[in-house]
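Inspection log for the structure reproduced underneath, given as structure tokens.
What follows draws every value from the coordinates through simple rules; no lab data is involved. This structure is a prediction, so every number in the text was calculated from the model and none was measured. Quick reminder, even Gly has a Cβ in these numbers, built from the backbone with ideal geometry, and neighbours come from all protein chains shown.
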Amino acid sequence: METLEPILAEHPFLQGLEASHLHLIVGCASNVRFDAGQFLCREGEEADQFYIIRHGKVAVEIFGAQKGPITIQTIGEGEILGWSWLIPPYHWHFDARAIELTRAIALDGKCLRTKCENDHDLGYELLKRFSNVMEQRLEATRLQLLDVYGNNA
Amino acid sequence: MATMLERQNHSADPMMPAPFRVQRLRQDTYDTFTLELQPANGLSEFAFAAGQFNMLYVFGAGEVPISISGDPAKSQTLVHTTRAVGVVTKAMRKLQRGEMLGVRGPFGTHWPVAEALGSDIVIVAGGIGLAPLRPALYALLARREKYGKVVLLYGARTPEDILYRRELERWRARLDLEVYVTVDRAAGNWRGNVGVVTTLIPKAPFDPRNAVAMVCGPEIMMRFTVLELQKRGVPAENIFLSMERNMKCAVGFCGHCQFGPAFICKDGPVFRYDRIKDLFTKREI
């Protein structure tokens, strides 16, 4: 039977991962698709998954009562969505909505956490990769906060 | 008939503004506008190279340096895009068709459009930084077959701040040009990218070993753009930046725009990154 292993192996986030680790991860993976407008996650809900985006585009949003949804970032092909599954209390902090047909691989957070506890090498490898994503997004957020195109920048 | 460029090169006084008449003023965004000017002193054309700037003199208000944003191949009309932020540019925005303006120029260095023949080109523009890069893009597209991939990465503050929107849409429809636009923030009805322009660089389709990058925008944006380009593997000598300082005389006399050993007005505004990298992060200058 064909598994998701080759797809995961090619995704930039998991590229170069040891075969044994990939084999462990694939047991937590499932194929998912979201139509435009469909939510991948909602603020406050339990973060029991993260997504490896294969195609499409997802808006990470925060909803304000007066302002409606505000998009703070878009995530597309080759990127990942979600690290709340890693950090207690494992709840999403933002909404994520597909803005076009999006195909992804969902990885079960509980399943992965258990495997990472049992295999710290896998845990460390994943954490390094997530740290890299977090660092890039933190830097991008800092630049956004600087409002460099504003009159007072 | 002599052009302004020739006049300047042939000893005409570079401090003397030439009279130009406003042909058209178009509001691009709420604070940004484009002026189309025609010579009013018998000159038939105004030759310039992509990346150069002029000193525009609003009579009674003052003089400011503004990059040329039109097509170098269409030298009959002089085009400038700027933001109404100070006394002079606010006065400029109020000019009506037929009114006069003084023009000195063109001044400064240009984008390496000819030098980059055969290479992939990646243009990274932030905010109004797209204006000085537009002449380069016109020139590249005029000889499109001479280059590899041509990629435009453009970041704006919000969807409402996107400059040259119709033109961007036309460029995006071309099959020989890759255009990616992102904004720093947006309401939920925006279907495009959200995130700073540097986030487009890792995914942009160009060969970093054979690419020439042309970058213009706020200096902080350019610093982070250079980091991302280098992370992709673009050599420092293939990265070109358009710098901005307080330019007054535009010919290297007054020293207002001194940038270490260089003057932005005559040694720039376009610099090769490896030649200024030591100055780039120096606070004192």
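Can you work out the FRET efficiency for the pair A:Gln15 and B:Arg166, with r the C-beta to C-beta distance and R0 = 45 Å, to the nearest 0.05? E between A:Gln15 and B:Arg166, to the nearest 0.05, is 0.70.
Report the residues of the stretch B:243-280 in range of a label on B:Glu237: point 7 Å along Cα→C-beta, backbone N strictly under 18 Å from it. Zone members listed by number: B:271-278. So for chain B, considering every pair of alpha-carbon atoms, how many percent are separated by more than 30 Å? Tail of the P(r) past 30 Å holds 28 percent of the pairs. Taking other C-beta atoms within 10 Å as the exposure proxy, B:Cys216, A:Cys28, A:Cys111, A:Cys41 rank A:Cys111, A:Cys28, A:Cys41, B:Cys216 from fewest upward. Normalised by the number of residues in the stretch A:1-122, the mean separation of alpha-carbon contacts (under 8 Å, six or more apart) gives a relative contact order of 35 percent. Near A:Cys41, the amide H atoms lying under 5 Å from its own belong to A:Ala96; only residues 5 or more places off or on other chains count, and H is placed 1.01 Å from N.
Of the chymotrypsin sites (Phe, Trp or Tyr not before Pro) found in the stretch B:190-276, those in coil by DSSP whose Cβ has at most 14 other Cβ atoms within 10 Å are B:Phe253.
Between A:Gln38 and A:Leu138, what FRET efficiency follows from the Cβ-Cβ distance if R0 is 25 Å, with the result rounded to 0.05? E between A:Gln38 and A:Leu138, to the nearest 0.05, is 0.35. Relative to the longest principal axis of chain B, what angle (0 to 90°, nearest 10) does the C-alpha long axis of helix B:130-142 take? The angle comes out near 80 degrees.
What does the C-alpha gyration tensor say about the overall shape of the protein assembly as shown? Classify as rounded when a/c is under 1.5, otherwise prolate if a/b is larger than b/c, or oblate. In terms of gyration-tensor shape, prolate. Once the GluC sites (Glu not before Pro) in DSSP loops with at most 14 neighbouring Cβ atoms within 10 Å are cut out of chain B, the longest remaining piece is B:116-283.
By other beta-carbon atoms within 10 Å, ranking B:Asp120, B:Asp176, B:Asp207 with the fewest at the front produces B:Asp176, B:Asp207, B:Asp120. The distance between label points at A:Ser30 and B:Arg223 comes to 4.7 nm (points 7 Å beyond Cα on the Cα→Cβ vector). The stretch B:76-145 and the stretch A:100-153 have their alpha-carbon centroids 38 Å apart.
Each residue in B:Tyr154, B:Tyr180 was given a count of other beta-carbon atoms within 10 angstrom of its own, and listing them fewest first yields B:Tyr180, B:Tyr154.
The simple spin-label model puts a point 7 Å past each Cα toward its Cβ; for B:Lys248 and A:Glu5 those points are separated by 7.2 nm.
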